[in-house]
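All remarks here apply to the structure that follows.
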Amino acid sequence: MKTENIVLEEIKTNLDQKDGQDSEASVNKALLLQSNNGGDTGMKSKHKNRTSPQNCLSCRGQKCKILIAAIIVILLIAVAIVISVFVCCANNVDEDEIFDRKTFHLQQTFNGSFQMQTPFSNETQGLNDVQRKLTELYESSHALGRFFSNAETFGLGSESAVVQYQLEFIFPEEELRNSILSRETVYNVFRQFIYDQNEEESGTMFIVPSSLEMHTMH
C-alpha cells in the first residue's frame, strides 16, 4: 500500500509540475504575442507619423506650382495686351504726318482779295489782325497745315474796305500741286472760315462772303 501511495504522489507531483510548465508557457506565449502586436502598432504609428509631413510637403508643392502657373498666365496676358496696344498705336500713325520740310522744294502761291463790311479804323492794326487769322487758319488745317508757309495782307487805302492777300505753300512732290494744293482746296478752306464766323466770335461778320476771290499765281 505504501508503495502505491508513493507512486501516486510522484505521478501527482509530475502532473502538477507539467501543468505549471504548460501554464507558464501559455503566459509566455501570450506575452510574446502581445509584444509583437504592440511592436507592429508602434511601427505603424511611427510610419504614419513619418509619412504625414511628406504628404503636407507634397500638397504645398502642388499649391506652389498652381500659383506660379497662374502668375505666369497673368504676366503673359499683360504682355500680350501691351504688345497689342503698341501695334495699334504704330498702325494708327498717319504717314502723312511724318514729313521733313527740308525736302519741300516746290512752291505754290495764291493771291486774291475780299471786302470787309466796314473799313478799318486803324488800317495797320486791321491788316495785321486779318493776316494773323489767315496764318492760324491754314496752320491749323489738317490737309494744308504741313505745307503752309506764309500769309500777307495789303490794303488799298484807309477809306477802302477791300483787302488783298497772298498765300504761299511749299511741298515736296509735283503731284500735290493739282490735288491737295489745288485752288479749289485752298479756296474752300478760306470760304468755310468766312461762313463759320458768327457774332459771338467777332461781333459782326467782318468779311463779306460773296466778295472772296482767289487766283493761282504761276
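All of the numbers you see were taken from the coordinates with simple rules; none came from a lab. This structure is a prediction, so every number in the text was calculated from the model and none was measured. Neighbour counts are summed over all protein chains in view; Cβ atoms, including those assigned to glycine, are modelled from backbone coordinates with ideal geometry.
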In nanometres, the difference between 0.36 nm per residue of separation and the alpha-carbon distance of Glu123 and Thr109 is 2.6 nm
Between the modelled labels at Ile77 and Cys59 (7 Å from Cα along Cα→Cβ) the distance in nm is 2.8 nm
Per 0.36 nm of contour for each residue apart, how much would the distance between Arg101 and Phe154 grow if the chain were fully extended, relative to their Cα-Cα spacing? 16.3 nm
Please list, in order along the range 109-116, the HN-Hα scalar couplings obtained from phi with the Karplus expression 6.51 cos²θ - 1.76 cosθ + 1.60 (θ = phi - 60°), rounded to whole Hz, x for Gly and Pro. 10, 10, 9, x, 7, 7, 10, 7
Contact order relative to length for the range 97-162, counting C-alpha pairs under 8 Å separated by 6 or more residues, stands in percent at 44 percent
Be a star and scan the range 105-149 for residues whose amide nitrogen sits under 19 Å from the point 7 Å along the Cα-to-Cβ vector of Ser211. 111-135
With a point put 7 Å past each Cα toward its Cβ, work out how far Glu136 is from Asp196 in nm, to one decimal. 1.1 nm
